[in-house]
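> Mind having a look at this structure? Questions to follow.
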Amino acid sequence: MSIDPAQYESQLAVKLAAFKRDFADFGLPEPEVFRSAPLHYRMRAEFRLWHHSGRIDYAMFETAGDDKKVVLIEDFPAAAQPIRELMPRLRDALQDSEVLKRKLFQVEFLATHSGELMVSLIYHRPLGDDWTQAAQALADRFGVQLIGRSRKQKIVLGRDWLLESFELDGRTLRYQQIEGSFTQPNAGVNRQMLGWARRQVADAGGDLLELYCGNGNFTVALAPAFGKVLATEVSKSSVRAANYNLDANGIGNVAMVRMSSDEISDALAGGREYRRMKEIDLGGYRFSTLFVDPPRSGLDAATVALARGFERILYVSCNPATLRDNVAALHDTHEIAAAAVFDQFPYTHHLESGLLLKRRPVEG
């Protein structure tokens, strides 16, 4: 990946043109375009630690055919400034400590706009008391939350989560971000994405069903627009973080259930009874809107069938190909009312997108 701010607009234009071509057959309105900062946009970064010639360096792998080439990283301008500034200082400190660098093979960074920073050191050996003592001194020196990992071992110095906060539409939103769990890597674009999503449901009314809610990234932003929200997620750690985030933001109209999309689809279709739904009065919801932010595989057939019953579908996607397949499957019942692209990953072929689908008027 070549990071050149002078090429930012041209690389985004190529991705935007491809997106428009992919959805031209579905009456795509002109998409809103949400740009990334051209530098220092990544709040997450991970690197291999390459041991060579008596020293260590950050490294990535470049694949060329069947071969992998090691690329040593002296500077990573995509990283948020706190990560970028810490990287050489941390590397030098690790270089000077035999107990900290021995069989260290990966370093992961997580930063927040609110000023917190976490470092995870991952090893191919068990970690003992000597490691803990040296690592605590390192954490104190750099003012970071520090985690050591090896096989079946996790040592937390401080805490294994950060608290992010930022302003959105006059509210201060707060999010717990847990080490090892998914968080949006481009915080600036994420905030723009949340703002766009909020505008799409501002007049929706009724209740919201949200699938794949993760740590509640969208849930926290969207919940005030609805009477009630039913949110689902399968990851236990994400459900815990989502519940924390709902409490931290004073949101009381959301019910969280740990269920997959096909399970909730079955429950809403009157299928078998689910123990995890025993406290949920499905009959008490008046769903107007379905919000989905699925994995790259998109929506399965059962969830597409479920979506047909909603007046509005707000769909955020990390994969235009599966988004297109799902839009095609819904095209006879829903039309695209609004579109947006979010450049979460500048200088790559990846492009996040969002569509608002509305039910077509009944003819006759």
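The values are calculated or read from the model by the stated rules, or taken from the named source; none is laboratory data. Just so it is clear, the structure is predicted and the values come from calculations on it, not from any experiment. Cβ coordinates were reconstructed from backbone atoms using ideal geometry, including for glycine residues, and neighbour counts include every protein chain displayed. Remember, those area values only see protein heavy atoms, side chains included, never the ligands or the DNA or RNA. Shrake-Rupley method; radii C 1.70, N 1.55, O 1.52, S 1.80 Å.
> Within the stretch 184-199, take every residue that is touching a helix residue (DSSP H, G or I) at 6+ places or on another chain (Cβ under 8 Å) and among the polar types (S, T, N, Q) and give me the one that is most open to solvent (accessible area, probe 1.4 Å).
Ranking the qualifying residues of the stretch 184-199, first place goes to 184.
> For the subset of the stretch 242-262 comprising residues that are open to solvent by 60 Å² or more (accessible area, probe 1.4 Å) and over 19 Å from the mean Cα position of the chain (by Cα), which member is farthest from residue 171 (Cα to Cα)? Full working, then the answer.
Quick first cut of the stretch 242-262, residues open to solvent by 60 Å² or more (accessible area, probe 1.4 Å) only: 243-244, 247, 250, 252, 258, 262.
Next, only the ones that are over 19 Å from the mean Cα position of the chain (by Cα) stay: 247, 250, 252, 262.
Details: 247: 15, 250: 11, 252: 16, 262: 34 Å.
If we take residues in the stretch 242-262 being open to solvent by 60 Å² or more (accessible area, probe 1.4 Å) and over 19 Å from the mean Cα position of the chain (by Cα), then 262 is farthest from residue 171 (Cα to Cα).
> Here's a follow-up. Are there strands (runs of 3 or more DSSP E) fully within the stretch 92-182 with at least 2 residues that are under 27 Å from residue 219 (Cα atoms)? List them.
Working: elements: 104-111, 117-123, 145-150, 153-157, 161-168, 171-178.
Qualifying strands (runs of 3 or more DSSP E): 104-111, 117-123, 161-168, 171-178.
> Still on this structure: So residue 304 clears everything in (1) free of Cβ contacts under 8 Å to residues at least 40 places away in the same chain; (2) assigned to a helix (DSSP H, G or I); (3) crowded, with 22+ Cβ neighbours inside 10 Å except one condition, right? Which one?
With (1) free of Cβ contacts under 8 Å to residues at least 40 places away in the same chain; (2) assigned to a helix (DSSP H, G or I); (3) crowded, with 22+ Cβ neighbours inside 10 Å applied to residue 304, the lone miss is (3).
> When only residues in the stretch 205-239 that are charged (D, E, K, R), in contact with a strand residue (DSSP E or B) (Cβ under 8 Å, 6 or more places away or on another chain) and not in a strand (DSSP E or B) count, which is modelled with the lowest pLDDT? Step through it out loud before you land on a result.
Residues of the stretch 205-239 that are charged (D, E, K, R), as a first pass: 207, 210, 228, 233, 236.
Among the residues that remain, those that are also in contact with a strand residue (DSSP E or B) (Cβ under 8 Å, 6 or more places away or on another chain) are: 207, 210, 228, 233.
With not in a strand (DSSP E or B) added as a condition, the list becomes 228, 233.
On the way: 228: 97, 233: 91.
For the stretch 205-239, the residue satisfying everything is 233.
> Okay, next question. Considering only the stretch 321-351, state which residues are farther than 18 Å from residue 309 by Cβ, open to solvent by 20 Å² or more (accessible area, probe 1.4 Å) and not hydrophobic (A, V, I, L, M, F, W, C).
Those that are farther than 18 Å from residue 309 by Cβ, open to solvent by 20 Å² or more (accessible area, probe 1.4 Å) and not hydrophobic (A, V, I, L, M, F, W, C): 322, 324, 325, 347, 348, 349, 350.
> Scan the stretch 194-213 for residues that are among the aliphatic types (A, V, I, L, M), more than 28 Å from residue 111 (Cα to Cα) and in contact (Cβ under 8 Å) with a residue 60 or more places away in the chain and report the count. Outline the logic, then answer.
First, pick out the residues of the stretch 194-213 that are among the aliphatic types (A, V, I, L, M): 194, 197, 201-202, 204, 208-209, 211.
Now narrow it down to the ones that are more than 28 Å from residue 111 (Cα to Cα): 201-202, 204, 208-209.
Filter once more, so that each one left must be in contact (Cβ under 8 Å) with a residue 60 or more places away in the chain: 201, 204, 208-209.
Summing the residues that are among the aliphatic types (A, V, I, L, M), more than 28 Å from residue 111 (Cα to Cα) and in contact (Cβ under 8 Å) with a residue 60 or more places away in the chain in the stretch 194-213 gives 4.
> Which condition number does residue 202 fail, the rest of (1) assigned to a helix (DSSP H, G or I); (2) open to solvent by 50 Å² or more (accessible area, probe 1.4 Å) being met?
(1)
> All but one of (1) farther than 19 Å from residue 119 by Cα; (2) of a type in the set (S, T, N, Q); (3) crowded, with 21+ Cβ neighbours inside 10 Å hold for residue 172; state the number of the condition that does not hold.
Residue 172 satisfies every listed condition except (3).
> Follow-up question, since we're still on this one. Do you know which of the residues in the stretch 283-297 that are open to solvent by less than 50 Å² (accessible area, probe 1.4 Å) and among the hydrophobic types (A, V, I, L, M, F, W, C) is farthest from residue 184 (Cα to Cα)?
Going through the stretch 283-297, the residues open to solvent by less than 50 Å² (accessible area, probe 1.4 Å) turn out to be 284-285, 288-294.
In the following step, the residues that additionally are among the hydrophobic types (A, V, I, L, M, F, W, C) were identified as 290-292.
Values: 290: 21, 291: 17, 292: 15 Å.
Step by step, filter the stretch 283-297, then rank; the result is 290.
> Being β-branched (Val, Ile, Thr) and either open to solvent by 30 Å² or more (accessible area, probe 1.4 Å) or more than 22 Å from residue 43 (Cα to Cα) (or both) is the filter here; which residues of the stretch 120-156 pass it?
132, 155, 156
> Residues in the stretch 94-105: is at least one free of Cβ contacts under 8 Å to residues at least 40 places away in the same chain and at positive phi? Spell out how you get there, then give the answer.
Step one: of the stretch 94-105, the residues free of Cβ contacts under 8 Å to residues at least 40 places away in the same chain are 96, 98-100, 102-103.
Pick out the ones that are also at positive phi and you get 103.
Checked the stretch 94-105: at least one residue is free of Cβ contacts under 8 Å to residues at least 40 places away in the same chain and at positive phi.
> Filter the stretch 312-330 for residues that are touching a Ser or Thr at 6+ places or on another chain (Cβ under 7 Å) and either among the basic types (Lys, Arg) or in contact (Cβ under 8 Å) with a residue 60 or more places away in the chain (or both) and give the result.
Applying the first criterion (touching a Ser or Thr at 6+ places or on another chain (Cβ under 7 Å)) to the stretch 312-330 yields 312, 314, 317, 320, 322-323.
Answer for the stretch 312-330, where residues must be touching a Ser or Thr at 6+ places or on another chain (Cβ under 7 Å) and either among the basic types (Lys, Arg) or in contact (Cβ under 8 Å) with a residue 60 or more places away in the chain (or both): 312, 314, 320.
> Would you confirm whether or not the stretch 333-346 contains a residue that is within 24 Å of the chain's Cα centre (by Cα) and among the aromatic types (Phe, Trp, Tyr)?
Looking through the stretch 333-346, at least one residue is within 24 Å of the chain's Cα centre (by Cα) and among the aromatic types (Phe, Trp, Tyr).
> Additional query: Scan 159, 174, 191 and give me the residue that is among the basic types (Lys, Arg) and touching a residue at least 60 places away in the same chain (Cβ under 8 Å). Can you show your working first?
On the way: 159 fails: touching a residue at least 60 places away in the same chain (Cβ under 8 Å); 191 fails: touching a residue at least 60 places away in the same chain (Cβ under 8 Å).
Checking each option against the conditions leaves just 174.
> Considering only the stretch 263-281, how many residues are farther than 23 Å from residue 204 by Cα and crowded, with 16+ Cβ neighbours inside 10 Å?
So the answer is 4.
> Among the listed residues 2, 10, which satisfies the condition of being modelled with pLDDT of 95 or more and of a type in the set (Ser, Thr, Tyr)? Write out each step before concluding.
Values: 2 fails: modelled with pLDDT of 95 or more.
Of 2, 10, the one residue that is modelled with pLDDT of 95 or more and of a type in the set (Ser, Thr, Tyr) is 10.
> While we're looking at this one, here's another question. Looking at the stretch 310-364, what strands (runs of 3 or more DSSP E) fall wholly within it and have at least 1 residues that are farther than 19 Å from residue 196 by Cβ and of a type outside the set (Phe, Trp, Tyr)? Talk me through it step by step, then tell me what you get.
Numbers: elements: 312-317, 334-342, 352-359.
Because the criterion is at least 1 residues that are farther than 19 Å from residue 196 by Cβ and of a type outside the set (Phe, Trp, Tyr), the strands (runs of 3 or more DSSP E) in the stretch 310-364 that meet it are 352-359.
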